[in-house]
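The next block holds one structure in the form of C-alpha cells; read it before the comments.
FYI, it's all coordinate maths here, none of it is from the lab. Note that the structure is a prediction, hence the values are computed from the model and not measured. Using ideal geometry, Cβ is built from the backbone for each residue, glycine included, and neighbour counts are taken over all protein chains shown.
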Amino acid sequence: MVRAHAVWDDEGGAPRQDSMHSAYGKRIEADGSWTIYHVFSGVPATIGGDLMLGMNSNDALDQMTKTNLDNFRRRAVPLGILKGRFLAAWWVRLSKHF
C-alpha cells in the first residue's frame with residue numbers, strides 16, 4: 001500500500017490536490033484510523049499542506065465537512081450576478097420578437 005502511494009507521487013499524483021474543485025470523503029483504514037481522501041482519485045488528501053492520514057473519526061468528519069463546505073462556498077455564484085446574467089439573456093431573447 002505504501003509503495004503504491006510512493007509510485008503515485010512519483011508519477012505526479014492527483015493534480016491540484018487541495019483545489020476548490022475537489023470533493024472529499026472519509027474512510028477507515030486497517031489500523032482503525034481515518035483518512036480523508038479525494039473521492040475521484042482515492043488518494044489521501046493534502047489540505048493546508050497536511051496529509052490527512054491517521055485521524056480519529058470526529059476529527060476526520062469535522063475536517064472533511066469543513067473543507068467540502070468551504071469548497072462549495074468558493075464555487076457558489078453570487079445571486080446578484082446570476083440574476084443579472086439571467087435577465088440579460090432573457091431580454092435578448094425577448095427583444096428578438098419585437
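For region 58-70, what does the Karplus curve 6.51 cos²θ - 1.76 cosθ + 1.60, with θ = phi - 60°, yield as ³J(HN,Hα) per residue in whole Hz, taken in order and with x for Gly and Pro?
Here the 3J(HN,Hα) series is 5, 5, 5, 5, 4, 5, 5, 5, 4, 5, 5, 5, 4 Hz.
At a Förster radius of 25 Å, what calculated FRET efficiency corresponds to the Cβ-Cβ distance of Phe72 and Glu29, to the nearest 0.05?
The formula returns an efficiency of 0.40 here.
Please list 3J(HN,Hα) in residue order for region 35-52, calculated via the Karplus relation 6.51 cos²θ - 1.76 cosθ + 1.60 where θ = phi - 60°; whole Hz, with x for glycine and proline.
Result, rounded to whole Hz: 10, 8, 9, 6, 5, 8, 10, x, 7, x, 6, 10, 10, x, x, 9, 7, 8.
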